[in-house]
Amino acid sequence: MKKLDFEIFINASASRVWEAMWNEENFKKWTSAFCEGSYVKSTWKQGDRIHFLDPIGNGMYSQITVLEPNEKMFFTHIGNLENFEELPVDENSKSWSGATENYTLISDDITTQILVSIDCLEEYASFYSESFPKGLSIIKEIAENQ
């Protein structure tokens with residue numbers, strides 16, 4: 001497992017950045033950097049499951065391990081989704097089950113820094129290294145132009 005870190009500075013308050021990241025419509029916009037048409041199903045409560053889905057209902061399910069509005073959102077990835085259904089952890093998903101994806105916001109009410117730290121399999125490192133900066137740029141655009 002490889003750890004990747006990303007950051008961006010945004011000229012907006014933490015609450016505006018948070019809304020740019022986790023509002024349902026905004027989430028669809030910035031995650032298009034990873035998969036066009038992707039979306040999320042969640043109660044947005046700490047400890048609950050979250051489903052990261054592509055347009056046909058495949059993707060991954062995770063647990064929200066930390067949720068502190070306007071400050072932190074941490075996920076622990078568990079397994080795959082197929083046709084909107086959680087699949088048991090198998091040999092394929094076992095290699096990445098337990099990987100984390102952490103978002104931290106640091107703000108002075110004028111500028112907000114997003115720090116992202118993810119665990120990923122080595123074969124996906126270049127994909128995430130290209131996609132995350134694109135996604136963060138979309139968040140910046142949304143937050144600064146709301």
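The values are calculated or read from the model by the stated rules, or taken from the named source; none is laboratory data. If you're wondering where the values come from, they're calculated on a predicted model, not measured in any experiment. No Cβ is skipped: glycine too gets one built from the backbone with ideal geometry, and neighbour counts run over all protein chains shown. When the accessible area is computed, the model is the full protein with side chains, heavy atoms only, and any ligands, DNA or RNA have been set aside. Shrake-Rupley method; radii C 1.70, N 1.55, O 1.52, S 1.80 Å.
So here's what we get for this one:
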read-out	value
Computed magnitude of the charge dipole of region 1-54 (debye, nearest 20; Cβ of K, R +1, Cβ of D, E -1)	160 debye
Rounded accessible area of Cys35 (nearest 10 Å², 1.4 Å probe)	50 Å²
Space enclosed by the convex hull of the alpha-carbon atoms of the chain, per residue, Å³	97 Å³
Accessible surface of the chain, 1.4 Å probe, proportion on carbon and sulfur as whole %	49 percent
Segment Asn92-Met1, extension gain: residue separation times 0.36 nm, minus the distance between their alpha carbons	31.4 nm
Dimensions in Å of region 89-146 - Rg and Dmax from alpha carbons	14.8, 46
Ratio of the Cα radius of gyration of region 9-49 to 2.2 N^0.38 Å, where N counts its residues	1.28
Theoretical ellipticity at 222 nm over the chain - DSSP helices of four or more residues, -39500 (n - 2.57) apiece, nearest 500	-8500 deg cm²/dmol
Charged-residue dipole, Cβ positions (Lys, Arg, Asp, Glu), the chain about Cα centre, Debye nearest 20	160 debye
Charge tally in the Cβ shell below 10 Å around Ser117, where Lys, Arg are +1 and Asp, Glu are -1, Ser117 excluded	-3
Using θ = phi - 60° and Karplus 6.51 cos²θ - 1.76 cosθ + 1.60, couplings along region 134-139 (whole Hz; Gly, Pro as x)	5, x, 5, 5, 5, 4
Stretchable slack from Glu36 to Asn23, in nm (0.36 nm times residue separation minus alpha-carbon distance)	3.0 nm
Around Asn11: net Lys/Arg minus Asp/Glu count, Cβ-Cβ under 10 Å	+1
Tyr128 accessible area, 1.4 Å probe, all protein chains in place, Å² to nearest 10	60 Å²
Cα-based reach from Lys134 at 28 Å (exclusive), listing lysines while leaving out same-chain residues under 8 positions away	Lys2, Lys3, Lys28, Lys29, Lys41, Lys45, Lys72
